[in-house]
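The values are calculated or read from the model by the stated rules, or taken from the named source; none is laboratory data. Because the structure is a prediction, the values reported are computed rather than measured. Neighbour counts are summed over all protein chains in view; Cβ atoms, including those assigned to glycine, are modelled from backbone coordinates with ideal geometry.
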Amino acid sequence: MNVLVRKIVVLTVVTVLFGYFYGWAAPRAFPNGRSGFAYGLLHGALMPIALPSLVIGRDVPIYATDNSGRGYKIGYICGINVCGFVFFGSLFWKPKKMGARK
C-alpha cells in the first residue's frame, strides 16, 4: 500500500510540474517561421503535458501547422517518446538498495 501511495504522489508531482512547464514554454515554443526538426522535438515533448491545460478548458496548440514536413514529424514523434520515457519511467523506476550487491 505504501508503494502505491508513493507512486501516486510522484505521478501527481510530475504532472503538476509538467503543467507549469508547459504553461511557461508554450508561448515560446511556437515561432513565426516554419518549424523544423528541433521544434518538432520540442512540440512532441510538450504535447502530452498539455493535458492539464486542455482539461481546465484552455485551448492550447500542440503542434505547428506551418512545419517543414517529414523532419518536423520525425522530431515530433521522437519528442513524444522522450516525454513518455521521462514521465512513465519515473513511475516504474526502482532504486537499487545500497547494501545489495551481487
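So here's what we get for this one:
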| quantity | calculated |
| --- | --- |
| Odd one out for residue 85 among (1) more than 30 Å from residue 2 (Cα to Cα); (2) out of contact with any Leu (no Cβ under 6 Å at 6 or more places or on another chain); (3) modelled with pLDDT of 85 or more | (1) |
| Any chance residue 58 is of a type in the set (Lys, Arg) and modelled with pLDDT under 80 | yes |
| Subset tally (residues that are aromatic (Phe, Trp, Tyr) and either surrounded by fewer than 18 Cβ atoms within 10 Å (Cβ to Cβ) or over 16 Å from residue 80 (Cα atoms) (or both)) for the stretch 34-70 | 1 |
| Selection from the stretch 57-84 of residues that are without any contact (Cβ under 8 Å) to a residue 12 or more places away in the chain and either within 14 Å of residue 18 (Cβ to Cβ) or acidic (Asp, Glu) (or both) | 59 |
| Residue within the stretch 86-97 that is of a type in the set (Ser, Thr, Tyr) and farther than 30 Å from residue 33 by Cα present | yes |
| Qualifying residue in the stretch 33-51 (condition: touching a Lys or Arg at 6+ places or on another chain (Cβ under 8 Å), modelled with pLDDT of 80 or more and not in a loop (DSSP other than H, G, I, E, B)) | yes |
